[in-house]
1. So what does the Cα-only Debye profile of segment 42-160 read at q = 0.09, 0.17, 0.19, 0.22 Å⁻¹, as log10 I(q)/I(0), no solvent term?
2. DSSP loop (so not H, G, I, E, B), at most 13 other Cβ within 10 Å: list which chymotrypsin sites (Phe, Trp or Tyr not before Pro) in segment 158-187 pass both filters.
3. Would you please name the trypsin sites (Lys or Arg not before Pro) within segment 154-222 that are DSSP coil residues with at most 15 other C-beta atoms within 10 Å of their C-beta?
4. If we count other beta carbons within 10 Å of each Cβ, what is the order of MET81, MET44, fewest first?
5. Quick check on packing: order 33-42, 102-111 by the mean number of other C-beta atoms within 10 Å, highest mean leading.
6. Could you give the distance between the Cα centres of segment 1-39 and segment 121-182, to the whole Å?
7. Compute from the Cα atoms of the chain the Rg and the Dmax, the latter being the longest Cα-Cα distance, and quote both in angstrom.
8. Return the sequence-ordered ³J(HN,Hα) values of segment 133-148 in whole Hz as given by the Karplus equation 6.51 cos²θ - 1.76 cosθ + 1.60 applied to θ = phi - 60°, using x for Gly and Pro.
Amino acid sequence: MANIQIRKYQDEDADVVKELFTLGMSEHVPSSFTHVLKQPLTQMFLMVTFCALITSSKSFLLPVLAVTLVLAAVRQMVVYMFNKYIETTLKKDLDNIGRTYLRKNNSCFWVAESDGRVVGTVGCLPSERAPGFLELKRISVRRSHRGMGIAKALCQTVADFTRERGFPAVILYTSVVQTDAQKLYEHMGYTKIREFLIPELTAKILNFTLFEYRKKLIKPSN
Ligand SMILES: CC(C)(COP(=O)(O)OP(=O)(O)OC[C@H]1O[C@@H](n2cnc3c(N)ncnc32)[C@H](O)[C@@H]1OP(=O)(O)O)[C@@H](O)C(=O)NCCC(=O)NCCS
């Protein structure tokens, strides 16, 4: 791994951490849109709209326009869903990383630095959804620094921290469209435990599935 250092988060990293999180999440908009288009319900709706309009109007232009409008609306819905998630996450924890991650014994936040520039982030804290485990959160690597093993090193940092504190496993959540992340976790020894739909109407309509991954840790021998 080329000249990368992992260190604990400091207050002056606040803006770049938020930027990396926002960029990392926003890049999933196109793949989420494709995911929605692949859903049988979406395809059926588009087909029915097209057929109904072509039969009733005897025009080709109107159904093409209508389908284009529906596609634009679906894309906006996906953008809205991601923007809402980013906004909520910034408010909930990344706007105050010190308070959320650094004041308690069983949580922490790290950044990866390359030549003095922050290029990766990860945090971990006690899981709300799965009490008794630490949860890996907010892993993101700048595009220009991908494929260099930075995320693997960040995952390892979380696993070491969790093991040192005596927890039996690290858990995390990712989504159906985050395929690079899924490959990373499977590569790092995580197992997919379950799949479930986000309990939110837009996500349900878009069939947006979340995956829970877990990595069991071996206790250090004394
Ligand atoms: C997922 C992410 C963190 C990976 O960062 P990275 O630094 O490029 O990952 P690494 O270089 O450490 O790769 C680790 C392993 O993950 C897998 N992997 C990562 N990116 C991959 C890709 N594009 N294609 C295939 N496998 C990939 C590989 O198994 C790789 O190991 P290998 O190179 O020995 O085969 C990065 O793509 C990212 O920031 N994505 C946007 C934010 C995001 O989705 N975060 C996940 C939140 S749940």
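1. One equal scatterer on each Cα of segment 42-160 leads to -0.48, -0.90, -1.04, -1.23.
2. Working: sites: PHE161, TYR173, TYR185; in loops: none.
Here no chymotrypsin sites (Phe, Trp or Tyr not before Pro) fit, given the DSSP loop and packing criteria.
3. Hits after loop and neighbour filter: ARG165.
4. Numbers: MET81 20, MET44 10.
Placing the least packed residue first, the sequence is MET44, MET81.
5. Highest mean packing first, the order is 102-111, 33-42.
6. Centre-to-centre distance over Cα atoms comes out at 13 Å.
7. Expressed in Å, the Cα Rg and Dmax of the chain come to 20.7, 80.
8. 3J(HN,Hα) across segment 133-148, in whole Hz: 10, 8, 10, 7, 9, 6, 7, 7, 10, 4, 3, 5, 10, 6, x, 10.
Since every read-out is calculated from the coordinates, none of them should be taken as a lab result. Model, not experiment: these values are computed from the prediction. Virtual Cβ from ideal backbone geometry, glycine too; neighbours counted across all protein chains shown.
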